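Enquirer: Pasting a structure below so you can have a look.
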Amino acid sequence: YGRLKGRKKIKSYNYVFFNNCIINLNQDIEKNKKIILDVGSGSGENTILLATNNPDSLIIACEIFEDGNINLSNNLYKLKINNIKLFNNNVLILFENLKIDDCFDEIWILFPDPWPKKRHHKRRLVNNDFLITVYPLLKKQGKIFISTDSISYLHSILNNVYVLGQKFKWNNDNPIGWTYKINELPNTKFFNKAKKMKRNSFFIELIK
């Protein structure tokens, strides 16, 4: 629903490295490997933290915005991180092209676009259809982590979880547990923006 790249062209340090970072779904997705998906990874603050905390896992950074992927690739090149792969398209396209179920151990969605106007709520990523689609792709006891600073979006997500009944359990359903800043989470661009605007950021942990 917007631009796929910035107005200023960003160059990759190493185009060969960047191309090698693009995921090959047929080769990189292994049934018994721990796989973590970071949706809307941006410039990769959370992706790099996940890779550092899970060195033996495959981290998939899914970002449709070209500049974010190039910035992340440049950081991976500098930091010599090799357990991250990029999917530079919409996450729903990734789901459509996966060949196996029970694929992901964790899915992270930090500060998805809240589309605050009511007429745009249908554009929100995390909705009933999304949760139904992702359910078979999660391994048993797999987790979804979501953060938002939009009260309206928070209510919508929790309502969808309630409607789906026993598919997901809200694992941190207490006021302390859902406070973003007390969890060991990255200070992303959108968290800092919410903080500057004095908006509370909420963190949701769902378990299959």
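The values are calculated or read from the model by the stated rules, or taken from the named source; none is laboratory data. Keep in mind that this is a model prediction, so the values were computed, not measured. Methodologically, a virtual Cβ is constructed for each residue, glycine included, from the backbone with ideal geometry; neighbour enumeration extends over all protein chains shown. Surface areas here come from the heavy atoms of the whole protein model, side chains and all, with no ligands, DNA or RNA. Shrake-Rupley method; radii C 1.70, N 1.55, O 1.52, S 1.80 Å.
Enquirer: Sort out which residues of the range 5-28 are open to solvent by less than 100 Å² (accessible area, probe 1.4 Å) and modelled with pLDDT under 80, and write them in order of number.
Expert: Within the range 5-28, GLY6, ILE10, SER12, ASN14 qualify.
Enquirer: Could you list, in sequence order, the residues of the range 166-208 that are more than 16 Å from ILE144 (Cα to Cα) and among the small types (Gly, Ala, Ser)?
Expert: Within the range 166-208, ALA194, SER201 meet the criteria.
Enquirer: Of the numbered conditions (1) touching a helix residue (DSSP H, G or I) at 6+ places or on another chain (Cβ under 6 Å); (2) at positive phi, SER43 fails exactly one; give the number of that condition.
Expert: (2)
Enquirer: Take the residues of the range 119-162 that are buried (at least 18 other Cβ atoms within 10 Å of the Cβ), of a type in the set (Ser, Thr, Tyr) and within 25 Å of ILE35 (Cα to Cα): which is nearest to the chain's Cα centre (by Cα)?
Expert: SER147
Enquirer: Scan the range 103-118 for residues that are in a loop (DSSP other than H, G, I, E, B) and either touching a His at 6+ places or on another chain (Cβ under 9 Å) or surrounded by 14 or more Cβ atoms within 10 Å (Cβ to Cβ) (or both) and jot them down. Before the answer, list the steps.
Expert: Initially, the range 103-118 is screened for residues in a loop (DSSP other than H, G, I, E, B), giving 103, 111-117.
Within the range 103-118, CYS103, PHE111, PRO112, ASP113, PRO114, TRP115 meet the criteria.
Enquirer: Considering only the range 134-145, I want to know if a residue exists there that is in contact with a helix residue (DSSP H, G or I) (Cβ under 6 Å, 6 or more places away or on another chain), over 28 Å from SER43 (Cβ atoms) and at pLDDT 95 or above. Before the answer, list the steps.
Expert: Quick first cut of the range 134-145, residues in contact with a helix residue (DSSP H, G or I) (Cβ under 6 Å, 6 or more places away or on another chain) only: 135.
With the extra rule that they be over 28 Å from SER43 (Cβ atoms), the set shrinks to 135.
Cutting the leftovers down to at pLDDT 95 or above gives us 135.
Scanning the range 134-145, I find at least one residue that is in contact with a helix residue (DSSP H, G or I) (Cβ under 6 Å, 6 or more places away or on another chain), over 28 Å from SER43 (Cβ atoms) and at pLDDT 95 or above, so the answer is yes.
Enquirer: Please work out which one of (1) touching a Gly at 6+ places or on another chain (Cβ under 8 Å); (2) among the small types (Gly, Ala, Ser); (3) modelled with pLDDT of 95 or more is the condition GLY68 fails and give its number.
Expert: In the conditions (1) touching a Gly at 6+ places or on another chain (Cβ under 8 Å); (2) among the small types (Gly, Ala, Ser); (3) modelled with pLDDT of 95 or more, GLY68 misses (3) alone.
Enquirer: Look at the range 174-188 and say how many of its residues are surrounded by fewer than 14 Cβ atoms within 10 Å (Cβ to Cβ) and within 20 Å of the chain's Cα centre (by Cα). Write out each step before concluding.
Expert: Start the filter on the range 174-188 by keeping residues that are surrounded by fewer than 14 Cβ atoms within 10 Å (Cβ to Cβ), which leaves 174-176, 181-182, 184, 187.
Keeping just the survivors that are within 20 Å of the chain's Cα centre (by Cα) gives 181-182, 184, 187.
Selection size over the range 174-188: 4.
Enquirer: Going by the structure shown, is ASN32 within 23 Å of LYS189 (Cβ to Cβ) and either surrounded by fewer than 17 Cβ atoms within 10 Å (Cβ to Cβ) or free of Cβ contacts under 8 Å to residues at least 24 places away in the same chain (or both)? Outline the logic, then answer.
Expert: On the way: within 23 Å of LYS189 (Cβ to Cβ): no; either surrounded by fewer than 17 Cβ atoms within 10 Å (Cβ to Cβ) or free of Cβ contacts under 8 Å to residues at least 24 places away in the same chain (or both): yes.
Judged against the criteria, ASN32 is not a match.
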